[in-house]
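One structure is given below, encoded as structure tokens.
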């Protein structure tokens, strides 16, 4: 008989847990992913720095960033004053969105090599990701002065100007980037830029601008692709497409006529 209260208590606990589980399963929850884990054996103490760097690069490409960091850190333990490895370690940290740690690595790389344009650019990327667009632009300007033939630097700076809503400067930088590398905008992340733009209107303007640049370069397929995106984002100035000289050739394409006649409805958010 003494066990009865305990049994009753257990029954109540189980019942309560069942109720909580039922309520939880019927609600909208954010599932937090488990932290990134290491999947590769640690670097061997007998490996050369070349072997460590090669393996670290392979792991970074495979998105095993923590493992890659182990290999980069192993190199820095042997040779601390290696700006290239500091930069690579920073990239791995950045890709895990560990901006503070990445910033320290990039700053160390620049301290070791004041003319390290890539590391300076990467400091700008951190500022951009944190929506500190003016600071990002200053970093990109430094990188461009050191390496004026880098399409990526101009593309990054264009994104920062776009974030500041300085659209004319953004267009100039994107145009320069495409002059240096016609495919730069396809290799950089369109979604990455869009994620920084707070409203559908800004994203629509971005798509329209990129459509205009592709049209200017004579790439009708890509221009139409971005023009459709601008329509789907509800770009309010879409009728400018009939006036902007960059679209003169595109306006003779039947696909342009069909697209503008269909006017895909804006996607609602």
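Every number in this text was worked out from the coordinates using simple rules, so none of it is lab data. Remember, it's a predicted structure, so these values are computed and weren't measured experimentally. In this analysis, Cβ positions are derived from the backbone assuming ideal geometry, glycine residues included, and neighbour counts consider all displayed protein chains.
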Between the alpha carbon centres of region 243-258 and region 72-108 the gap in Å comes to 48 Å
The exposure ranking of 223, 150, 199, fewest beta-carbon neighbours within 10 Å first, is 199, 150, 223
For region 30-151, which semi-axes, largest first and in whole Å, follow from the square roots of 5 times the eigenvalues of its Cα gyration tensor?
-> 26, 20, 11
Based on the inverse mean of 1/r over its pairs of different Cα atoms, what is the Kirkwood hydrodynamic radius of region 98-194, in Å?
-> 13.3 Å
Quick one: Debye curve from the alpha-carbon atoms of region 228-269 only, equal weights, vacuum; give me log10 I(q)/I(0) at q = 0.21 Å⁻¹ to two decimals.
-> -0.68
Which peptide among 207-218, 239-250, 153-164, 129-140 comes first, and what is the full order, when sorted by highest mean count of other Cβ atoms within 10 Å?
-> 153-164, 207-218, 129-140, 239-250
